[in-house]
Amino acid sequence: MNRKHLVLPAALIVCGAAVAVTLWSGGEEPEPPRSLCFGTLDERTAALVDDGQGGRVDMEEFERKGQGDNAFFRSCIAQRANPDGDTTRNVYSLIMEDSKSATGLPEGSVPLGDGLTGWALPDKAEAQLPAGCAQRMGSTAPYITVTLSAPSQAEKKGIVDRDTAIRNAATVVRETAVNLARISGCS
């Protein structure tokens with residue numbers, strides 16, 4: 001068979017394979033992750049901290065405006081859908097607030113690294129935003145701190161091993177801090 005006669009059958013095979021893959025995959029693109037917690041946290045990152053029961057992650061957001069040292073406060077409660085689909089349960093909280101004191105390193109914690117001041121434990125993590133962020137956010141306090149509290153990740157609960165829990169807590173608080181600084185224009 002002549003090569004010029006093979007071009008059309010080859011092209012048809014490639015097109016047919018592409019159509020088959022599209023039909024097989026449902027022809028739908030996966031949904032992009034949602035942005036949660038005032039736009040500071042990707043849905044996939046938010047799902048890292050779990051209580052062992054799964055379910056879709058949503059965030060309940062709260063913001064309080066103040067003055068002076070208490071000018072900046074945001075809170076996000078991560079909730080997971082229960083199997084019944086009608087109710088949710090609180091899994092962890094993120095607090096973003098101005099603070100008069102710098103982040104210290106608690107015993108047994110792991111530093112965040114990546115140029116961030118902060119630390120992580122299995123059930124708690126904290127990050128401090130770069131200098132000058134508090135002022136850009138309208139606070140007279142010297143610091144803005146992001147704090148994660150995830151009681152379900154405590155070592156005694158045994159849901160995940162210590163290293164995984166620390167890595168997940170650090171990832172959540174790091175992403176929140178970096179994105180909050182970026183959004184506020186002080187990164």
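The values are calculated or read from the model by the stated rules, or taken from the named source; none is laboratory data. Predicted model only: the values in this text are computed from it and were never measured. Glycine gets a Cβ as well: all are built from the backbone with ideal geometry, and neighbour counts include every protein chain shown. When the accessible area is computed, the model is the full protein with side chains, heavy atoms only, and any ligands, DNA or RNA have been set aside. Shrake-Rupley method; radii C 1.70, N 1.55, O 1.52, S 1.80 Å.
In order along the stretch 132-146, the phi-based Karplus estimate (6.51 cos²θ - 1.76 cosθ + 1.60, θ = phi - 60°) of 3J(HN,Hα) comes to x, 5, 4, 4, 5, 9, x, 9, 8, 5, x, 9, 10, 10, 10 Hz; Gly and Pro are listed as x.
For the stretch 43-56, 3J(HN,Hα) computed residue by residue from phi via the Karplus equation (6.51, -1.76, 1.60; θ = phi - 60°) reads 4, 5, 5, 4, 7, 4, 8, 9, 9, x, 10, x, x, 4 Hz, glycine and proline entered as x.
Under a 5 Å amide H cut-off, with hydrogens placed 1.01 Å from N, residue 140 pairs with 68, 69, 70, 71 among residues at least 5 apart or on other chains.
When 126, 61 are compared by accessible area at a 1.4 angstrom probe, the order from most to least is 61, 126. Extending 7 Å from the Cα toward the beta-carbon at both residue 102 and residue 155 defines two label points whose distance is 2.7 nm.
The Cβ shell under 15 Å around residue 123 holds other residues with a net charge of -2, Lys and Arg each +1, Asp and Glu each -1.
Accessible-area rank, largest first, for 144, 77: 77, 144, with all protein chains present and a 1.4 angstrom probe.
Between residue 87 and residue 64, what FRET efficiency comes out of the Förster formula 1/(1 + (r/R0)^6) with R0 = 41 Å and r the beta carbon distance, rounded to 0.05? Efficiency, rounded to the nearest 0.05: 0.95. For residue 36, the amide hydrogen comes within under 5 Å of the amide hydrogens of 41, 42, 43, counting only partners 5 or more places away or on other chains and with H modelled in the peptide plane.
Placing pseudo-labels 7 Å out from each Cα toward the beta carbon at residue 182 and residue 35 gives an inter-label distance of 0.9 nm.
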